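The numbers here are math on the coordinates, done by the rules we state, and not lab data. Predicted model, so just to flag it, every value in this text is computed and none were measured. Glycine also receives a Cβ, built like all others from the backbone with ideal geometry; neighbour counts cover every protein chain displayed.
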Amino acid sequence: MKYSAAEETPVTIDIEDNSLFIQLQQILRHSHSMLICHEAVEKSSEYPDLVVPMQTWERDIQKLSELVACGLRHGEKLVESYLGSGPKQQAGENLDETECIATELFEQAMKAVGLRTWGQVANEQQWKH
């Protein structure tokens, strides 16, 4: 209870009629319901195999680096086989996944070019003599 300064009679304040108190109660109810919804969403979205994007990007960068290195080796083998200084590459060689991808990319690139390259011409001329 509070007492008025002018009088010594108690002044009663009804909390339920106070607009700030009513607004605070509404905010607390809304906050509580949002918290309950958030907890429900958090529980339903728990994935044990969820991977952070940075980890995926690092793994992708590593795989692409391996693919580029493998493509370089494959290209060197093709050039050596076309020029006759290396063995012909067989289609059924023991290739791992990265080597298979590199081989497919080279085949697609050769189909896209569609023209005979100087290496193919040199290879054909070598076998004619």
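General observations
- For 63, 77, 43, order by how many other beta-carbon atoms lie within 10 Å, fewest first: 43, 63, 77
- Per-residue Cβ neighbour rank within 10 angstrom, fewest leading, 70, 37: 37, 70
- Three-way shape call for the stretch 16-81 based on the alpha-carbon gyration tensor, with the a/c threshold at 1.5: prolate
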